[in-house]
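**Q** Submitted below is the structure of interest, expressed as C-alpha cells.
The values are calculated or read from the model by the stated rules, or taken from the named source; none is laboratory data. No experiment lies behind these values; they were computed from the predicted model shown. Note: ideal-geometry Cβ built from the backbone for every residue, glycine included; neighbour counts use all protein chains shown.
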Amino acid sequence: MKPNAIHTTRPAWMIIALCIITCCSLLLVSCNSTTILLANFKDDTIGSPPGNTQSTGTLQLNPGSGLITVVSEPPSGEQHANKWALITHPAQPAPETKLTGRFTQWGIGTYGILASLHIPANSGVVSVQFEAANPLGSFMHLDFMPEGDIRIDDDESLRFGSFPKDKNFVLSISMNITETSATADITVTGHGASGNKVVNVKPLFLPVARQFGACTFWIGYQHNASFYVDDIMVTRKN
C-alpha cells in the first residue's frame, strides 16, 4: 500500500476494512489454511469483559490491576463494524493486564496473524506476544512504543516502522515455523501506519516456537497504558 493511499474521502472503518480484506486474501491464499482463532467480540456485551468463547478459539483474561472491557468503538469517532476490547493498566508498578487468544490448533506450520489496533496518544508501551500452547512461555513479542514505532524482543536495534496515535491500524504477521527455524514477517498498515521487518526467532526459543498456540495482547506491570484491539484472526497451514 502506498503511504498516501489512505488519504481519501472513504470512512475510516472502510479504510481499515479494506486493509483487513487485503491482508486476509494474502493469508488465505492457500486452500489448506484453517482459521484457528477469530475474536471480534460481536456477541459480547458492551461494558463487560469479553467472553471466553469467541467465533473460533477461546480467550483467557488476566486483568491483573487493570481492566479488559468491551466497547462499541474507540473514542476518536471512527465507526467500525464490530465491537472492540479496551485493555487498560494503571500507574506502575502493578500486576500486568493480559488478553490471550488460544488457538484450536498449534505446533509447526505456517501462520497468518491479523489484528486491528488503536493506541491513544497518551499511552505507554503496549505489547503483542507469541506463546506456546503449553506453559513453556513466549518466544517473541512486539512493543508498540510511545515514540510511535515498534520494538522486537526489547532489542533497541530491532526498532522499525511507524504507527499513528488515536487512529485504527492493522498488524499483519506471517510466521513460518519448522523443526529447525522460525521466521516472522511483520507489517503494519492503514491510516499512515507503515513498516515491515523480517526477523528470525532466537535459537534458544525455537522449542517454544514449535509449540506456538497462543497470542497475547497485554500491558506490562511497569507501564501506564491503554489500547483497543479488534478483529483478531489467526490462520494455520501445515
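**Q** Restricting to region 174-201, give me the number of residues that are out of contact with any helix residue (DSSP H, G or I) (no Cβ under 6 Å at 6 or more places or on another chain), touching a residue at least 60 places away in the same chain (Cβ under 8 Å) and more than 23 Å from P74 (Cα to Cα).
**A** Residues meeting the conditions: 5.
**Q** Kindly indicate which of S174, S157 is part of a strand (DSSP E or B), more than 18 Å from the chain's Cα centre (by Cα), surrounded by fewer than 20 Cβ atoms within 10 Å (Cβ to Cβ) and not charged (D, E, K, R).
**A** Step by step, each of S174, S157 is checked, and only S157 is part of a strand (DSSP E or B), more than 18 Å from the chain's Cα centre (by Cα), surrounded by fewer than 20 Cβ atoms within 10 Å (Cβ to Cβ) and not charged (D, E, K, R).
**Q** Still on this structure: Specify the residue that is farthest from N40 (Cα to Cα); the eligible residues are those in region 213-227 that are of a type outside the set (G, A, S) and more than 10 Å from the chain's Cα centre (by Cα).
**A** Q222
**Q** While we're looking at this one, here's another question. Among the residues of region 214-232, count how many are touching a strand residue (DSSP E or B) at 6+ places or on another chain (Cβ under 6 Å), among the small types (G, A, S) and within 19 Å of Q60 (Cα to Cα).
**A** 2
**Q** Just to be sure I understand, how many residues within region 130-160 are out of contact with any strand residue (DSSP E or B) (no Cβ under 8 Å at 6 or more places or on another chain), more than 17 Å from F227 (Cβ to Cβ) and free of Cβ contacts under 8 Å to residues at least 40 places away in the same chain?
**A** 4
**Q** What single numbered condition from (1) outside any strand (DSSP E or B); (2) out of contact with any Asp or Glu (no Cβ under 9 Å at 6 or more places or on another chain) fails to hold for V208?
**A** (2)
**Q** Next up: Specify the residue that is surrounded by the fewest Cβ atoms within 10 Å (Cβ to Cβ); the eligible residues are those in region 118-129 that are in contact with a strand residue (DSSP E or B) (Cβ under 6 Å, 6 or more places away or on another chain) and either assigned to a strand (DSSP E or B) or free of Cβ contacts under 8 Å to residues at least 60 places away in the same chain (or both).
**A** By that ranking, first place goes to Q129.
**Q** Would you confirm whether or not region 91-112 contains a residue that is of a type in the set (S, T, Y), part of a loop (DSSP other than H, G, I, E, B) and within 18 Å of V170 (Cα to Cα)?
**A** So far as region 91-112 goes, no, none of its residues is of a type in the set (S, T, Y), part of a loop (DSSP other than H, G, I, E, B) and within 18 Å of V170 (Cα to Cα).
**Q** Out of the residues in region 180-222 that are at pLDDT 95 or above and touching a Lys or Arg at 6+ places or on another chain (Cβ under 7 Å), state the one that is farthest from S127 (Cα to Cα).
**A** Going through the qualifying residues, I end up with G213.
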